[in-house]
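Following: one structure in structure tokens, then a few remarks.
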Amino acid sequence: MTTEAYKRKLTAILYADIAGYSRLTGGDEEGTHRRAMEVLDYASSQIKDSGGAVLRYAGDAILAEFSSAVTAANCAVKIQTELHIQNQSLDDNKKVQIRIGVNIGDVIEDRGEVYGDGVNLAARLEASAPEGGICISASVYDQILGKQEATFTDGGEQQYKNIGRPVHVFYWKPEERQHMLDELTTSGASEKPSIAVLALTNMNQDSDLDFIGDGITEDLITALSKIRSFKVISRESTFSYKGTAIDVRQVAKELGVRFVLEGSVRKAGNRVRVTVQLIDAKTGHHVWAERYDREMEDIFDLQDEMVMVIASALEPELNAFERERALSKSPDNLDAWELYQRALWHMWTYKDENIKTALELFKRSSAADPKFAPAYAYYAYCCYQFVILGSAEDPDTLLREGMTAAKMALQCDDRDAISYFAIGRIYMMLGDHDASIAALRKSIELNPCFAQAYHGLAFALSLAGELEESKHTTKHAVAMSPRDPMLWAFTIVHALNYILSQEYEAALEWANHTLQIPNAIGYWPHAVKASALANLGRIDEAKQSLAAAVVAKPDLSIDFLKKNLPTKHAGGLEPYLNSLSAIGLE
């Protein structure tokens, strides 16, 4: 008997299975089987149409492979989205859902099928996916990041049977976000979103751990209270529920809030794990969830770090849902707050036409409530956007208009962090770096969880020549708000910083990272990448990136960049500008 060397390959594995098939057949065996086969047939056709190959049917399951993880994930999302739409018109007892797991693995190829740990893990991921949802491994997530519109939720590390190592996983389910939007659309509420932060549950039943959970909760309430875009219920109200069995909807009704943040804390050895989840109180559906594992070297440092990360992640998540709720309503029936939220949605697309729309909506918001400072402030920021993106026909006039709006915001509320953020951005574009830095530091003082203000400060510090502090500040902004609508701006300024400090490999890495972020548009990412490549001597690649930058902004020039990025010290942009000039930018 000879030992045969099997062919191996790296491939993307998709494993799909009917959820609860045995349970479903108990009520209507033939009807359920017919519907299940229709679902599997549909899934199979989508796999083939997407370029995948169905390798095996196993009862109510499908094993398929793709040459690309992106294609496999896109196909999975398309399947589940369509099945979700189909199920909406069916009675609950007739709905057939599938679970899908996607993994990348080095597999054995034999007799038209694939075998090995890569396949086994895909099956384990499928089993842990939510009904009607998808579970992917971190290796797949890394491949699809920035190339997939669906947002996958971090599920942390999981341990699966017969898989020797913990696996980091991510989840997606189509209807959870839709439930949230539907409820917000029909709620009729137009006031600022409100939230109750419940005391973290002590999972160890150890009284010594109570002070950790209570401290994080109390500090989180304080931190959230400094963010003026939503109302936070006091500690005294929320702590009254501590130690009791609660129903989130009842708590929300009693406290008059739209959202509830709850979670738990547990300790193992010298490590503390905090799990938090944001819940739509009207439906009970999860909007957002996260888990944090930290060493407990210094409990007070731990509390400060956890509060900062949670509050920073929570604020943009809440406002994102508010913006989507506003978009779903008639423009003729919006108050100042909803006009403002609609404007934000347009503003964060970074597209010229949408920014123009945002300016008009901010004007309408200010007209509806002349004392609403954030509307003036973000109007000023829109003026800044047009200039920094290179879209302004008359930058000087637009910056003056932005300065007027920013000052109006401060007159309305001299304790509003967004107002100081906006005026800080305008001061930077006018070349007054000291005033810019002072305003942005004041913004952070008023709202320590305002990641965008940290980014603004980092940018101003960079143009002022304070490169190391700028890098530190940008890293802080990214860590605080990793899903921020301004994330691409965070990362491209970080890349520029590394060019100015002549660390070109790091600059290239951050420029490439920026280009993977979905809403990264315009000439910026390509121009910075071109500079990094040119400084590394990779001239042909640099010219290709410069060509992409010129496509995005046909009139891009050295003079434009000098004017658009005013530095505090002469020659502050030389590593950037000289490299672009060397590869042909005039």
Those residues of segment 512-537 which are modelled with pLDDT of 90 or more and assigned to a loop (DSSP other than H, G, I, E, B) amount to 523, 536, 537
Listed by range, strands (runs of 3 or more DSSP E) wholly within segment 212-315 having at least 2 residues that are in the same structural domain as residue 157 (by TED's automatic domain parsing) and either surrounded by 15 or more Cβ atoms within 10 Å (Cβ to Cβ) or of a type in the set (A, V, I, L, M) (or both) are none
The residue from 448, 482 that alone is under 20 Å from the mean Cα position of the chain (by Cα), farther than 28 Å from residue 142 by Cβ and surrounded by fewer than 24 Cβ atoms within 10 Å (Cβ to Cβ) is 448
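Here's the yes/no breakdown for (1) free of Cβ contacts under 8 Å to residues at least 24 places away in the same chain; (2) surrounded by fewer than 15 Cβ atoms within 10 Å (Cβ to Cβ); (3) among the aromatic types (Phe, Trp, Tyr); (4) under 22 Å from residue 159 (Cα atoms):
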residue: 44; (1), (2), (3), (4): yes, no, no, no
residue: 83; (1), (2), (3), (4): no, no, no, no
residue: 105; (1), (2), (3), (4): no, no, no, yes
residue: 122; (1), (2), (3), (4): no, no, no, yes
Per the list (1) at pLDDT 80 or above; (2) surrounded by fewer than 21 Cβ atoms within 10 Å (Cβ to Cβ); (3) farther than 17 Å from residue 137 by Cα; (4) touching a Leu at 6+ places or on another chain (Cβ under 9 Å), residue check on residue 98 breaks on (2)
Worksheet item: residue 349: under 26 Å from residue 527 (Cα atoms) and among the polar types (S, T, N, Q), yes or no?
Response: yes
Report whether or not residue 446 is among the aliphatic types (A, V, I, L, M) and within 30 Å of residue 551 (Cβ to Cβ).
no
Given the structure, is residue 350 under 26 Å from the mean Cα position of the chain (by Cα), touching a residue at least 40 places away in the same chain (Cβ under 8 Å) and on the phi > 0 side of the Ramachandran plot? yes
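Residue-by-condition table, conditions (1) touching a Lys or Arg at 6+ places or on another chain (Cβ under 9 Å); (2) of a type in the set (A, V, I, L, M); (3) more than 20 Å from residue 161 (Cα to Cα):
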| site | (1), (2), (3) |
| --- | --- |
| 56 | no, no, yes |
| 61 | no, yes, no |
| 67 | no, no, yes |
| 80 | yes, no, yes |
| 111 | no, no, yes |
| 122 | no, yes, no |
| 127 | yes, yes, no |
| 135 | yes, no, no |
Within segment 435-464, restricting to residues that are of a type outside the set (S, T, N, Q) and part of a loop (DSSP other than H, G, I, E, B), the one that is modelled with the highest pLDDT is 464
Counting only residues in segment 58-69 that are crowded, with 17+ Cβ neighbours inside 10 Å and modelled with pLDDT under 90, the one farthest from residue 8 (Cα to Cα) is identified as 60
Considering segment 369-384, residues that are part of a helix (DSSP H, G or I) and modelled with pLDDT under 95, and then whichever is nearest to residue 354 (Cα to Cα), we arrive at 375
Of the residues in segment 478-511 that are over 13 Å from residue 455 (Cα atoms) and not in a helix (DSSP H, G or I), the one that is modelled with the lowest pLDDT is 483
Query raised in the report: In segment 496-504, is there at least one residue being surrounded by 22 or more Cβ atoms within 10 Å (Cβ to Cβ), aliphatic (A, V, I, L, M) and within 27 Å of residue 344 (Cα to Cα)?
Result: yes
* within 20 Å of residue 129 (Cβ to Cβ), at pLDDT below 85 and not small (Gly, Ala, Ser), is that true of residue 23? -> yes
When residue 140 is run through (1) under 28 Å from the mean Cα position of the chain (by Cα); (2) assigned to a loop (DSSP other than H, G, I, E, B); (3) closer than 21 Å to residue 62 by Cα, the failure sits at (2)
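The values are calculated or read from the model by the stated rules, or taken from the named source; none is laboratory data. Quick caveat: nothing in here was measured; it's all calculated off a predicted structure. With ideal geometry, Cβ positions are generated from the backbone for all residues, glycine too; neighbour counts draw on all protein chains shown.
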